[in-house]
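Single-structure report; data block below.
The values are calculated or read from the model by the stated rules, or taken from the named source; none is laboratory data. This is a predicted model, so every value here is computed, not measured. A quick note on method: Cβ atoms are made from the backbone with ideal geometry, for glycine too, and the neighbour counts reach across all protein chains shown.
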Amino acid sequence: MLDSQYGLALLAPAYTGIPEPTDPPLGSSPGTNENGSIFCHANTWAIIAECLLGRADRALKYYRQLIPQVVSETAGADLYGREPYVFVSSIVGPVNELFGTGGISWLTGTASWMYVAATQYLLGIRPTLDGLSVKPCLPASLPLVRVRRRFRGCQYDITIENSGSGHCALELDGQPVDGTTLPVVTGKQATVHCRC
């Protein structure tokens, strides 16, 4: 009901008619802004939620749907109407005849939240007080991923061998690590191997 080829609509059905003054989407046509558009900022949280639920295929699908180049190619550059290299705040939703038109570009938190969704949830590399947590949520279609991450003055070169099992085994500089959190390394470089 909410999913479309450009992402998840914020709500469905959209408000129609004349809204009450207390209605949140006051002044927004159906399928625009907070009234049933694909609100990109909120879609990033859906990606994160899918990762937390362990649904890697769905998380990656939602991630790919929001990539500006993908939206521009799918909708067509004329309909999308925005730069194919910049995230937009929203995309006109499926209940509107302009479905697929990009909203405001260059002024959204979507870019930073997409970075968080990709690095900390899909790749699963999250900074913690105790060290660097590595718990990827990747579909089996991504069998090998290499990531370089700086953390507390050390460069971690991380290789993720992904079988889609959901269980992760970590090695730090060739030594097994208990759990999924790497201890803080005082050197300049560390090699990490994650099998999951």
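Determine which member of the set Thr159, Thr119 is more than 20 Å from Leu52 (Cβ to Cβ), outside the structural domain of Ala56 (by TED's automatic domain parsing) and surrounded by fewer than 17 Cβ atoms within 10 Å (Cβ to Cβ).
Values: Thr119 fails: more than 20 Å from Leu52 (Cβ to Cβ).
Exactly one of Thr159, Thr119 is more than 20 Å from Leu52 (Cβ to Cβ), outside the structural domain of Ala56 (by TED's automatic domain parsing) and surrounded by fewer than 17 Cβ atoms within 10 Å (Cβ to Cβ), namely Thr159.
Any residue that is hydrophobic (A, V, I, L, M, F, W, C), touching a Ser or Thr at 6+ places or on another chain (Cβ under 7 Å) and either in contact (Cβ under 8 Å) with a residue 24 or more places away in the chain or closer than 26 Å to Pro143 by Cα (or both) - is there at least one of those in segment 48-57?
First pass over segment 48-57, keeping only residues hydrophobic (A, V, I, L, M, F, W, C): 48-49, 51-53, 56.
Add one more test, that the residue is touching a Ser or Thr at 6+ places or on another chain (Cβ under 7 Å), and what stays is none.
Scanning segment 48-57, I find no residue that is hydrophobic (A, V, I, L, M, F, W, C), touching a Ser or Thr at 6+ places or on another chain (Cβ under 7 Å) and either in contact (Cβ under 8 Å) with a residue 24 or more places away in the chain or closer than 26 Å to Pro143 by Cα (or both), so the answer is no.
Tally time: how many residues in segment 143-163 are in contact with a Cys (Cβ under 8 Å, 6 or more places away or on another chain) and of a type outside the set (S, T, N, Q)? First the steps, then the outcome.
First, the residues of segment 143-163 that are in contact with a Cys (Cβ under 8 Å, 6 or more places away or on another chain): 158-163.
Then keep just the ones that are of a type outside the set (S, T, N, Q); that gives 158, 160-161.
Summing the residues that are in contact with a Cys (Cβ under 8 Å, 6 or more places away or on another chain) and of a type outside the set (S, T, N, Q) in segment 143-163 gives 3.
Examine segment 59-70 for a residue that is touching a Cys at 6+ places or on another chain (Cβ under 8 Å), under 16 Å from Gly7 (Cβ atoms) and surrounded by 14 or more Cβ atoms within 10 Å (Cβ to Cβ), and state whether such a residue exists. Let's see the steps before the verdict.
So the first thing to find is which residues in segment 59-70 are touching a Cys at 6+ places or on another chain (Cβ under 8 Å), and the list is 59, 66.
Narrowing further to those that are under 16 Å from Gly7 (Cβ atoms): 59, 66.
Imposing the further condition that a residue be surrounded by 14 or more Cβ atoms within 10 Å (Cβ to Cβ) reduces the set to 59, 66.
Looking through segment 59-70, at least one residue is touching a Cys at 6+ places or on another chain (Cβ under 8 Å), under 16 Å from Gly7 (Cβ atoms) and surrounded by 14 or more Cβ atoms within 10 Å (Cβ to Cβ).
For Ser90, work out the one condition from (1) more than 18 Å from Asn43 (Cβ to Cβ); (2) crowded, with 22+ Cβ neighbours inside 10 Å it doesn't fulfil.
(1)
Determine which member of the set Arg146, Arg150 is under 22 Å from Thr186 (Cβ atoms), not aromatic (Phe, Trp, Tyr) and not assigned by TED's automatic domain parsing to the domain that holds Tyr62.
Working: Arg146 fails: under 22 Å from Thr186 (Cβ atoms).
Within the list Arg146, Arg150, the selection yields Arg150.
Which is touching a Gly at 6+ places or on another chain (Cβ under 8 Å) and more than 17 Å from Cys51 (Cβ to Cβ), of Gly109, Gly153, Gly100?
Working: Gly109 fails: touching a Gly at 6+ places or on another chain (Cβ under 8 Å); Gly153 fails: touching a Gly at 6+ places or on another chain (Cβ under 8 Å).
Selected residue: Gly100, the only one of Gly109, Gly153, Gly100 that is touching a Gly at 6+ places or on another chain (Cβ under 8 Å) and more than 17 Å from Cys51 (Cβ to Cβ).
Can you tell me which residue among Thr101, Thr74, Thr119, Thr128 is under 9 Å from the mean Cα position of the chain (by Cα) and polar (S, T, N, Q)?
Numbers: Thr101 fails: under 9 Å from the mean Cα position of the chain (by Cα); Thr74 fails: under 9 Å from the mean Cα position of the chain (by Cα); Thr128 fails: under 9 Å from the mean Cα position of the chain (by Cα).
After ruling out the rest, the residue left standing is Thr119.
Please enumerate the residues belonging to segment 89-140 that are part of a loop (DSSP other than H, G, I, E, B), hydroxyl-bearing (Ser, Thr, Tyr) and more than 27 Å from Gly76 (Cβ to Cβ). Outline the logic, then answer.
Filtering segment 89-140 down to residues part of a loop (DSSP other than H, G, I, E, B) leaves 89, 92-101, 103-104, 106-109, 123-124, 128-130, 135-140.
Remaining after also requiring hydroxyl-bearing (Ser, Thr, Tyr): 89, 101, 108, 128.
Across segment 89-140, the qualifying residue is only Thr128.
Please find, within segment 134-155, the residue that is nearest to Gly179 (Cα to Cα) out of those that are of a type in the set (A, V, I, L, M, F, W, C) and touching a strand residue (DSSP E or B) at 6+ places or on another chain (Cβ under 8 Å).
Step one: filter segment 134-155 for residues of a type in the set (A, V, I, L, M, F, W, C), giving 134, 137-138, 140, 142, 144-145, 147, 151, 154.
Next, only the ones that are touching a strand residue (DSSP E or B) at 6+ places or on another chain (Cβ under 8 Å) stay: 134, 138, 144-145, 147, 151, 154.
Values: Val134: 9, Leu138: 18, Leu144: 21, Val145: 20, Val147: 20, Phe151: 18, Cys154: 20 Å.
Once the filter is applied, the top-ranked residue is Val134.
Could you please find all residues in segment 141-183 being acidic (Asp, Glu) and in a strand (DSSP E or B)? Even if it seems obvious, please write down each step before you answer.
Applying the first criterion (acidic (Asp, Glu)) to segment 141-183 yields 157, 161, 171, 173, 178.
Answer for segment 141-183, where residues must be acidic (Asp, Glu) and in a strand (DSSP E or B): Asp157, Glu161, Glu171.
Does segment 162-196 hold any residues that are surrounded by 14 or more Cβ atoms within 10 Å (Cβ to Cβ) and of a type in the set (Asp, Glu), and which are they?
The answer is Glu171, and nothing else.
Could you tell me how many of the residues in segment 94-115 are surrounded by fewer than 16 Cβ atoms within 10 Å (Cβ to Cβ) and touching a residue at least 40 places away in the same chain (Cβ under 8 Å)?
The total comes to 2.
With (1) in contact with a helix residue (DSSP H, G or I) (Cβ under 8 Å, 6 or more places away or on another chain); (2) modelled with pLDDT under 95; (3) of a type outside the set (A, V, I, L, M) as the list, and Gly124 as the residue in question, which single condition is left unmet?
Unmet for Gly124, out of (1) in contact with a helix residue (DSSP H, G or I) (Cβ under 8 Å, 6 or more places away or on another chain); (2) modelled with pLDDT under 95; (3) of a type outside the set (A, V, I, L, M): (2).
May I ask you to list the residues in segment 156-196 that are over 20 Å from Leu122 (Cα atoms) and touching a Lys or Arg at 6+ places or on another chain (Cβ under 7 Å)?
Within segment 156-196, just Val184 meets the criteria.
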